[in-house]
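Every number here is computed from the coordinates shown, using simple stated rules; none is lab data. Keep in mind the model is a prediction, meaning the values are calculated, not measured. Every residue, glycine among them, receives a Cβ derived from its backbone with ideal geometry; neighbour counts consider all protein chains shown.
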Amino acid sequence: MNKLRNLAELSNLKERVRSKTRFTDKIKDSGQPVQIRVAMATCSIASGSRETMNYIVDELDKRNVDATVTQTGCMGYCYAEPTIEVTLPDQEPVLFGYVDVKKADEIIEKYIKSGILVDGIIPVNYKRIDE
Amino acid sequence: MADFKIHLLVCGGTKCRSSLSTILTEQLRTEIKNQGLDDYAQVVTTGCFGFCEKGPVIKIIPDHTIYTKVKPDDAEEIVTEHIVKVRKVNRLLYKDPKTDKIITDARGMEIYKKQIRIALRNCGMIDPESIEEYVARDGYAALGKALTSMTPEETIQVIKLSGLRGRGGAGFLTGLKWELTRQTHGDEKYVVCNADEGDPGAFMDRSILEGDPHSVIEAMAINGYCTGASQGLVYIRAEYPLAIERLKKAIQQAREYGMLGEDIFSTGFNFDISIRYGAGAFVCGEETALIHSMEGGRGEPTMKPPFPSVKGYLGKPTNVNNVETLANVPVIINKGHEWFSSIGTERSKGTKVFALAGKVNNVGLIEVPMGITLREVIFEIGGGIKNDKKFKGIQIGGPSGGCLTEKHLDVPIDYDSLVDAGAMMGSGGMIIMDEDDCMVDVAKYFLDFTVDESCGKCTPCRIGNKRLHELLVNITKGNGTEEDIERLINLASVIKDTSLCMLGQSAPNPVLSTLENFREEYHTHIHDKKCPAGVCKDLMKYEIVPENCVGCTACARACPVGAITGERKEIHIIDQSLCIKCGACMDRCKFNAVIIN
Ligand SMILES: Cc1cc2nc3c(=O)[nH]c(=O)nc-3n(C[C@H](O)[C@H](O)[C@H](O)COP(=O)(O)O)c2cc1C
Ligand code: SF4
Ligand code: SF4
Ligand code: SF4
Ligand code: FES
């Protein structure tokens, strides 16, 4: 059973997760694979994020790219849904908007495989509280 | 990996494009090619940076330089200087208007960003279905801290000192509410999260529950510890299936990890949460109606006092808080009340999440510090008005709020200033309107909503608002009289004074505020029988301009009701008594002969 019985256990869990997952606030990492987050809130799903996510998962597999794909909540850029965040090893996360299947293909081929940025990046326009 | 050493990110947001960022992109690409740097530097376009007033904006990676107000002609200098000679182009760097300090990189631009994410800190950042990711971002640390090192009184004190006020509409001091619930004796007490979110256009609570459900669960547990409750209830509308699913999963995980249940953090504190579903009636968001609905009774408000803190669910002391209010709580405990109260204004602390909708370029969910102006929200974060139209008004606070105008653009967004201006914070709907919106129609739209949603318990609300609505319909049909304006004002004040709950009390606000700010538009409808925005159909007349009509018959063939007559090559005429104002003739005419009058 993984019940957390005290603060030490909580902070152990925190450190364990942080060592294997990258968050937008943590810029440096230690060579983990590509990490992709797909916004999956009601508004994103209505704009097709589920298709985008399924496509990305399938294609990464077909094209032999080592990456983790997870879902996340609303990033706030409703005008640009579906949105995804891609973090390459040792790189800052980059957010892309209007990611339909075609755009997803371009992102996989150009950015994920060869580090070439593609049009449609969304600049993070808010301050974070954990910096 | 490609060999691009430099990436130039050019803003391709609507506002920057209207100041030539597309040409700038082309110029940069040409220049890079001309100087033989194709394999070295790359130009890509981005969405809005949120610095629209300083656009077009360019960001250069990897050195994070930000250039503002860049013109197509600057392309050559940027390439030659920045890329080839590795020297920043000083005149294009952002200069702080107050201190004249030059900001050289994106890090320095941070402080000019208009948004701060506190309630939305994890939305879009973590997997909402993973408690571990929540924990990785300091999740449940606040609960642990409160339980193991703070007394309930101390915890309440922190929330009180932070100045956090309710985000559900009324703006009551959260810490004070917790204290009142704590001080009331009861063998059983309850903590309720209000996730009814009924304002049309508002979806921040849904987004929080979908993107970061654990923050609400953690806050409810802290609330339980502070008030002495061991049971939490989330009242959520059944129309939010995804939020419900994620919340359910989160509650399950919290139990598995021991963050809900018995003996949390081995402190002897017990707390658990269950979910109650609402059918989506607006009035059920009102706390007393919400409680009756949870008890299985009719969703009708009752008189306050007694407040729920004293006599709530099953007659027991009950602390009701809104989703967004709760989402702020863990951060306040972790970072301290001084930190929180340093953000915002004198009497409104922290941030507020708004659902920005209507005629702005960047619709979306935004979180801004209290005290920001409407102008900054609309023209910087919102990216200005769509299609370069003229800004006309902004409805804040949903159906209970008010409609503000151009002259209010510099009003700071905080509880008190908005009320002074004739609107209210409400739950966070913000609808931007442009010259094509008719204000009488807007008032009618919101009243339509409240008439529909009134629970019918009291006469002024049930019948009074219906009469208000009828008066508005009359005006939009061209049958209004000058006396109708007096009638609207008188009736509105009676409804405000005599309705039982805030739904009725605030229903006339959209009418009153549009009357206050757009009186001439009512006059034009009443006296000239015209709708300046061209919205009220009954006041529009499709007419054919004889000079332009060549008699091609296209319009007559398009008209679904046969309202247009005329021989080939002769001037056509619309029979107004038959016309249903569908606009088909206007779409069809290639000679601009059909006009709206
Ligand atoms: C007609 C009406 C509808 C309301 N709808 C909501 C709602 O959807 N969500 C909400 O949190 N509060 C709503 N409220 C306010 C609640 O009555 C209550 O003030 C609030 O939930 C308290 O939480 P807070 O102090 O955290 O804001 C509504 C009030 C009225 C009069
Ligand atoms: S004011 Fe309206 S909604 Fe409120 S109790 Fe009376 S009838 Fe019901
Ligand atoms: S389509 Fe235009 S030009 Fe042709 S008959 Fe109708 S009004 Fe005249
Ligand atoms: S607006 Fe419609 S109904 Fe009226 S004349 Fe034109 S086509 Fe016919
Ligand atoms: S900063 Fe370029 S459009 Fe907003």
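Below, the figures for the structure above:
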| read-out | value |
| --- | --- |
| Beta bridges per DSSP with both ends in chain B, % antiparallel, nearest 5 | 55 percent |
| Sparse-neighbourhood loop sites, trypsin sites (Lys or Arg not before Pro) in the stretch B:1-52 - DSSP loop, at most 15 other Cβ within 10 angstrom | B:Lys5 |
| Whole-Hz ³J(HN,Hα) from phi, Karplus 6.51 cos²θ - 1.76 cosθ + 1.60, for the stretch B:227-236, glycine and proline x | 8, x, 9, 10, 10, x, 10, 9, 9, 10 |
| Sorted by Cβ density within 10 Å, fewest first, the residues B:Arg237, B:Arg165 | B:Arg237, B:Arg165 |
| Among beta bridges that DSSP assigns inside the stretch A:26-103, antiparallel share in %, nearest 5 | 55 percent |
| Rel. contact order, % - alpha carbon contacts under 8 angstrom, at least six apart, the stretch B:5-137 | 23 percent |
| HN-Hα J in Hz across the stretch A:36-51 - Karplus 6.51, -1.76, 1.60, θ = phi - 60°, x for Gly and Pro | 10, 10, 10, 5, 10, 10, 3, 5, 5, 4, 4, 8, x, 5, 5, 4 |
| Links that overshoot a 25 Å alpha carbon limit, given the list B:Lys145/B:Lys189; A:Lys127/B:Lys5; A:Lys103/B:Lys95; B:Lys71/B:Lys113; B:Lys457/B:Lys529 | A:Lys127/B:Lys5; A:Lys103/B:Lys95; B:Lys457/B:Lys529 |
| Viscosity 0.890 mPa s, temperature 25 °C, Stokes-Einstein D of the protein assembly as shown from Kirkwood C-alpha radius, µm²/s | 88 µm²/s |
| Hits among aspartates and glutamates - C-alpha to C-alpha of A:Lys14 under 12 Å, sequence gap 8 or more where chains match | B:Glu132, B:Glu133, B:Asp138 |
| Among B:Leu503, B:His527, B:Ala443 - extreme Cα towards positive end, dipole of the stretch B:439-527, charges at beta-carbon | B:Leu503 |
| Partner chain coverage, peptide B:114-122 - average Cβ within 10 angstrom | 4 |
| For the stretch B:514-527, Karplus couplings with θ = phi - 60° (6.51, -1.76, 1.60), whole Hz, Gly/Pro x | 6, 5, 5, 9, 9, 4, 4, 5, 4, 4, 4, 5, 6, 8 |
| Listed residue (B:Asn194, B:His469, B:Ala238) projecting farthest to the positive dipole end of the protein assembly as shown, Cβ model | B:Asn194 |
| Computed over chain B, the ratio Rg/Rh where both radii use C-alpha atoms and Rh is Kirkwood | 1.04 |
| Using alpha carbons only: equivalent-ellipsoid semi-axes of the stretch B:439-527, gyration tensor based, whole Å | 22, 12, 11 |
| Only Lys, Arg (+1) and Asp, Glu (-1) charged, at Cβ; the stretch B:541-596 dipole about Cα centre in debye | 180 debye |
| Stokes-Einstein D (µm²/s) once Rh is taken as the Kirkwood radius of the stretch B:301-413 over alpha-carbon pairs, at 4 °C in 1.567 mPa s | 78 µm²/s |
| Dipole magnitude of chain B about its Cα centre (Cβ charges: Lys, Arg +1; Asp, Glu -1), debye to nearest 20 | 440 debye |
| Amide H within-cut-off set for A:Tyr98, under 5 Å, with H built and near neighbours excluded | A:Glu81 |
| Shape call, the stretch B:6-109: gyration tensor on alpha carbons, a/c limit 1.5 | oblate |
| Residue pairs, from the table B:Lys15/B:Lys541; B:Lys69/B:Lys389; B:Lys114/B:Lys390; B:Lys59/B:Lys359; B:Lys98/B:Lys352, whose Cα atoms sit over 29 Å apart | B:Lys15/B:Lys541 |
| Residues B:Asp63, B:Asp199, sorted so that the one with the fewest Cβ neighbours within 10 Å comes first | B:Asp63, B:Asp199 |
| Principal axis dimensions, the stretch B:298-348 - Cα atoms, whole angstrom, descending | 41, 22, 18 |
| Cα-based convex hull volume of the stretch B:351-434 per residue, rounded to whole Å³ | 71 Å³ |
| Whole-number D in µm²/s for the stretch B:541-596 (Stokes-Einstein; Kirkwood sum over Cα pairs; 25 °C, 0.890 mPa s) | 230 µm²/s |
| Beta bridge orientation in the protein assembly as shown: antiparallel %, DSSP, nearest 5 | 55 percent |
| Ellipticity estimate at 222 nm from DSSP helix runs (n ≥ 4, -39,500 (n - 2.57)) divided over chain B, nearest 500 | -10000 deg cm²/dmol |
| Net dipole in debye of the stretch B:173-254 [+1 Lys, Arg Cβ; -1 Asp, Glu Cβ; about Cα centre; nearest 20] | 180 debye |
| Residue exposure sequence - B:His572, B:His523 - by fewest surrounding Cβ within 10 Å | B:His523, B:His572 |
| Dipole of the protein assembly as shown, positive end: most advanced residue of B:Ser21, B:Ile573, B:Asn321 [Cβ charges, Cα centre] | B:Asn321 |
| Bins of 5 Å, starting at 0 and running to the largest distance - Cα pair percent for the stretch B:48-92 | 5, 22, 34, 25, 11, 3 |
| Rel. contact order, % - alpha carbon contacts under 8 angstrom, at least six apart, the stretch B:351-434 | 36 percent |
| Part-to-part distance (alpha-carbon centres) for the stretch B:122-195 and the stretch B:384-414, which is given in Å | 32 Å |
| Mean separation of Cα contacts under 8 Å (6+ apart) over length of chain B, as relative contact order % | 11 percent |
| Distance (nanometres) between label positions extended 7 Å along Cα→Cβ at B:Asp187 and A:Ala46 | 4.7 nm |
